[in-house]
1. Which residue, of Lys2, Lys28, is in a helix (DSSP H, G or I), open to solvent by 70 Å² or more (accessible area, probe 1.4 Å) and either over 22 Å from Lys134 (Cα atoms) or modelled with pLDDT of 95 or more (or both)?
2. Could you list, in sequence order, the residues of the stretch 158-176 that are polar (S, T, N, Q) and under 18 Å from the mean Cα position of the chain (by Cα)?
3. For Gly80, all conditions in the list (1) of a type outside the set (A, V, I, L, M); (2) in contact with a Lys or Arg (Cβ under 8 Å, 6 or more places away or on another chain); (3) without any contact (Cβ under 8 Å) to a residue 60 or more places away in the chain hold save one; what is the number of the exception?
4. Is at least one residue of the stretch 138-155 of a type in the set (Ser, Thr, Tyr) and either on the phi > 0 side of the Ramachandran plot or modelled with pLDDT under 75 (or both)?
5. Of all residues in the stretch 68-88, which are assigned to a helix (DSSP H, G or I) and loosely packed, with under 15 Cβ neighbours inside 10 Å?
6. If only one of Asp65, Asp43 is in a helix (DSSP H, G or I) and of a type in the set (Asp, Glu), which one is it?
7. Identify the residue in the stretch 126-166 that is open to solvent by less than 10 Å² (accessible area, probe 1.4 Å) and aromatic (Phe, Trp, Tyr) and, among all such residues, is nearest to Glu105 (Cα to Cα).
Amino acid sequence: MKIPIEQRNREILELRRQGLSQTEVARKFQLSPTRIYLIEKQDAADRSMEQRRAKLQEEIRAADDLERMWPVEDLIDALGSIVVTRKRLVDHFVAAGKHQISLREFMDICLDGPVEGLDFMMSPLLRIYGIGKKGFWSVVIGLTRMHLGNRCNQEWQWRFVKVKQKWGITGPTPYSSGWECPNTANDSQRRMRRIHLFLPGSSSSPRIIIRVSEGRQATPMLSSSPS
């Protein structure tokens, strides 16, 4: 029976810590020594990022300052967002020529705002190319789990409540442990309409689909194929 890759990699790293050579470990797992080297290299990078994140989180907690400007990459790394989301955020801010951002501004991109030329509200975070629902909640969960300082924690909490209300969530948030799908019992009973917003590029480019149900705010989704 083939073991999961994460478990395999943990076993590889443990054997290397016990003193087995890369060649010996590679033979045991039927891999190349180069592959063992790459697994160790990634583990070292992950550990370095964990240390960096812990240091940045402590600096943010100690500052407890909504208006202080932080290097964009520092704030993003402190959140511990998933890899794809981190890259999309960094690329977005680099393209915008924005090198620093305050905690207040970063919190606020999670809240709905007016979409120019359209008659509905949508989070600026979800308008960033490549940030889907999983990326959005990766940022929200990162802010929620961080100790931002007493004042900043309070500021984030009321925003977090608004985000959950907007998505109709009463329990745990999506992509966090213990997630339960909120308020889905009557979804099929609601009349829905869709607004398709094509992102720049060809007709096959990813697009945002805005689902609007009667009596509720717009719920954004992502689609990569035409319907």
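The values are calculated or read from the model by the stated rules, or taken from the named source; none is laboratory data. Nothing here was measured: the structure is a model prediction, and the numbers come from that model. Heads up, the Cβs are rebuilt from the backbone with ideal geometry, glycines too, and the neighbour counts pull from every protein chain shown. These accessible areas exclude ligands, DNA and RNA; they are computed on the full protein's heavy atoms, side chains included. Shrake-Rupley method; radii C 1.70, N 1.55, O 1.52, S 1.80 Å.
1. Numbers: Lys2 fails: in a helix (DSSP H, G or I).
That would be Lys28, the only listed residue that is in a helix (DSSP H, G or I), open to solvent by 70 Å² or more (accessible area, probe 1.4 Å) and either over 22 Å from Lys134 (Cα atoms) or modelled with pLDDT of 95 or more (or both).
2. So in the stretch 158-176, the residues polar (S, T, N, Q) come out as 165, 170, 173, 176.
Of everything in the stretch 158-176, those that are polar (S, T, N, Q) and under 18 Å from the mean Cα position of the chain (by Cα) turn out to be Thr173, Ser176.
3. With (1) of a type outside the set (A, V, I, L, M); (2) in contact with a Lys or Arg (Cβ under 8 Å, 6 or more places away or on another chain); (3) without any contact (Cβ under 8 Å) to a residue 60 or more places away in the chain applied to Gly80, the lone miss is (3).
4. Restricting attention to the stretch 138-155, the residues satisfying the condition of being of a type in the set (Ser, Thr, Tyr) are 138, 144.
This time we only want the ones that are either on the phi > 0 side of the Ramachandran plot or modelled with pLDDT under 75 (or both), so: none.
Scanning the stretch 138-155 turns up no residue that is of a type in the set (Ser, Thr, Tyr) and either on the phi > 0 side of the Ramachandran plot or modelled with pLDDT under 75 (or both).
5. Taking the stretch 68-88 and keeping what is assigned to a helix (DSSP H, G or I), we get 72-79, 83-88.
Passing the criteria: Val83, Val84, Lys87.
6. On the way: Asp65 fails: in a helix (DSSP H, G or I).
None of the others qualify; the one that does is Asp43.
7. That would be Trp156.
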